[in-house]
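Beneath this line is the structure, given in C-alpha cells, with notes to follow.
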C-alpha cells in the first residue's frame, strides 16, 4: 500500500531539515527521505562550523534573507535549547579594490548595516594572529559569527519530528514522478513508494542526478577543510578574541576561517573557498594529500604564520555544488509546479538554511513566498 503525505522532502541536510521543520510547524503531514544517517559527513553540511554574516559581498540582494535568517536561527535555538550560533564578529579582508571588501561595503551601505573599515595596522593590533601586509584592509561587522551545522540540522530534525514529521534515514530515492495534472508526486525507494501533493528536492550534491532531465549546468567540486594547532597556543584564536574571516588574495583566490572552537576536531579551522577538482558524490577523493596541506601552509605563511607552522590536527573533504553564476537554485520545477527545487547553494548557503526552510514551506503550501528569490530562478540558465 502506498503511503500518502502532504509534502515529501528529498534530502535532510541544511535546507531539507529546515524545510521539514517549517512544514511541520504548519501542520503538514511531512515525509523526509535521507540517503545517509542524520548529520553525516558525505555531503556539504558537516565540518563543525559555518560562517554567518550580514554585509554580503556576493550581492546586496541576499541581505534581507540574512536578516530573516538570523531571526529564525534565534527561534530554533530557543526552541531546541541547544547552542546553534555564536557571535564572534566578522572580517572581510583584502585589498581596498577586492571583491570581498568592495562588495561587503556595498551591501552594508545599501542596507544600513553598521561596519568599521580597518587598515592593516589596526587589524594586526586587534587580532595578533592575523598578519596582513600594509596594502590590506578589512570591513569589520559586529554580528558575524559561527553556526554549528551538525547541531543546527539535528535541532531542525528533532523539532520537525516532535511536531509529527516522519523522517526516514538510509533510504535514498531511486525515482520520482510528477503527475500531469500538477497535483501529485510519487517517490520510489528500495523500501517502497510514497505519494504526496508536493515534493521538495533539497539533495545538495545529488541534485544533478535527481534533476538530470532539466539540463541545468550544475557541477560538484571537492573542497578540503583543515584544522591546525597554532604555534604559541590557541589563546589568540579563541572565540572571544578572534572573529570569523574571509580573506581575498591579490590574485582573486580566497580562504576563510574560524576561531578555535570546543569539540572535535580541535584546533583552528581554515579552508580555501571554491578551490578543488570537479567530481561527483561517488567519485570524490576523500583522502587529503600532503601537497594539499603544503599548499594551505604556504598560503597561511605570510597571513597567519602561527597556523602555517602549527601541527595539522585534522583534514576532511566536503562538496560544493555550483551554478555558473554562484547563486542558488530555489523555485518551482519548470515542468512540474508541484515540485520545488532547493539546490545547490554554491558553497555559501548554510547560513540561509533557516530562512530557506521558511521559503520552501511557503512554496509548497502557498505556491508563493514574500521573500525575494527572483535571483534564484531555476529557469535563468535556459533563457
When residue 320 is run through (1) at pLDDT below 95; (2) closer than 29 Å to residue 73 by Cβ, the failure sits at (1)
Scanning the stretch 330-360 for residues that are surrounded by fewer than 17 Cβ atoms within 10 Å (Cβ to Cβ) and in contact with a helix residue (DSSP H, G or I) (Cβ under 7 Å, 6 or more places away or on another chain) gives 334
Picked from the stretch 248-265 (must be under 21 Å from the mean Cα position of the chain (by Cα) and part of a loop (DSSP other than H, G, I, E, B)), the residue surrounded by the fewest Cβ atoms within 10 Å (Cβ to Cβ) is 262
Based on this model, can you work out whether residue 268 counts as closer than 18 Å to residue 88 by Cβ and under 21 Å from the mean Cα position of the chain (by Cα)? yes
Please determine whether any residue of the stretch 192-202 is crowded, with 19+ Cβ neighbours inside 10 Å, closer than 30 Å to residue 292 by Cβ and modelled with pLDDT of 95 or more. yes
Any residue at all in the stretch 361-368 that is closer than 21 Å to residue 7 by Cα, surrounded by fewer than 21 Cβ atoms within 10 Å (Cβ to Cβ) and touching a residue at least 60 places away in the same chain (Cβ under 8 Å)? yes
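For the stretch 79-100, name all the residues that are assigned to a helix (DSSP H, G or I) and more than 21 Å from the chain's Cα centre (by Cα).
Across the stretch 79-100, the qualifying residue is only 79.
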In the stretch 224-247, which residues are in a loop (DSSP other than H, G, I, E, B) and either surrounded by 24 or more Cβ atoms within 10 Å (Cβ to Cβ) or at positive phi (or both)? 232, 233, 242, 243
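To keep it simple, each residue is scored yes or no on (1) part of a loop (DSSP other than H, G, I, E, B); (2) touching a residue at least 60 places away in the same chain (Cβ under 8 Å).
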| position | (1), (2) |
| --- | --- |
| 131 | yes, yes |
| 137 | no, no |
| 155 | no, yes |
| 175 | no, no |
| 198 | no, yes |
| 208 | no, yes |
| 222 | no, yes |
Exactly one of 103, 129, 94 is over 30 Å from residue 12 (Cβ atoms) and touching a strand residue (DSSP E or B) at 6+ places or on another chain (Cβ under 6 Å), and that residue is 94
Of everything in the stretch 305-328, what is under 25 Å from the mean Cα position of the chain (by Cα) and buried (at least 18 other Cβ atoms within 10 Å of the Cβ)? Give them in sequence order. 307, 315, 316, 317, 318, 319, 320, 321, 322, 323, 327, 328
I'm trying to understand the selection: among the residues of the stretch 112-129, which are outside any strand (DSSP E or B) and touching a helix residue (DSSP H, G or I) at 6+ places or on another chain (Cβ under 8 Å)? 113, 114, 115, 127, 128, 129
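The values are calculated or read from the model by the stated rules, or taken from the named source; none is laboratory data. Computed from a predicted model, the values in this text were never measured in an experiment. As a convention, Cβ positions derive from the backbone with ideal geometry for all residues, glycine included, and neighbour counts pool all protein chains shown.
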